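> This structure is in structure tokens; I'll ask about it shortly.
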Amino acid sequence: MVETEYADNVLTAFLAGEIDHDRAADIRMCVDGMAQSLRPRLLCLDFGRVSFMDSSGVGLVMGRYRQMKLLGGSLRVKNYSDSLYRIFAMSGLEGLGVLQ
């Protein structure tokens with residue numbers, strides 16, 4: 001389960017622990033369902049409590065970016081560590097302007 005908060009048309013998902021293939025699928029289902037029903041103008045993925053992430057985490061972010069574009073909203077990724085930033089930057093996420 002993913003802890004979420006919804007206020008002022010912003011949905012924030014607070015991610016925690018390790019994000020691997022199985023965990024990314026669980027997060028995707030939860031966040032996608034909430035985004036579909038709430039239709040927020042902004043989805044924030046908060047990586048402040050993430051201790052490990054593999055390429056599945058990058059796929060998770062990319063998929064949520066595409067989903068929010070389809071819903072007419074935008075995505076922000078925040079509170080990531082330096083090591084996660086390097087993964088995001090190498091994958092091209094920095095160029096999408098989602099990193100905050």
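> Inspect all residues belonging to segment 78-91 and state whether any of them is assigned to a strand (DSSP E or B) and within 17 Å of residue 4 (Cα to Cα).
Yes; the residues of segment 78-91 include at least one that is assigned to a strand (DSSP E or B) and within 17 Å of residue 4 (Cα to Cα).
> Take the conditions charged (D, E, K, R), open to solvent by 50 Å² or more (accessible area, probe 1.4 Å) and either in a helix (DSSP H, G or I) or under 15 Å from residue 80 (Cβ atoms) (or both) and apply them to residue 26. Does it pass?
Here the answer is yes, as residue 26 does meet what is asked.
> Between 72, 17, 95, which is open to solvent by 50 Å² or more (accessible area, probe 1.4 Å), small (Gly, Ala, Ser) and on the phi > 0 side of the Ramachandran plot?
Answer to the check: 72.
The values are calculated or read from the model by the stated rules, or taken from the named source; none is laboratory data. Everything quoted here is computed from the prediction, not taken from an experiment. As a convention, Cβ positions derive from the backbone with ideal geometry for all residues, glycine included, and neighbour counts pool all protein chains shown. SASA here: full protein model, heavy atoms, side chains in, ligands and nucleic acids out. Shrake-Rupley method; radii C 1.70, N 1.55, O 1.52, S 1.80 Å.
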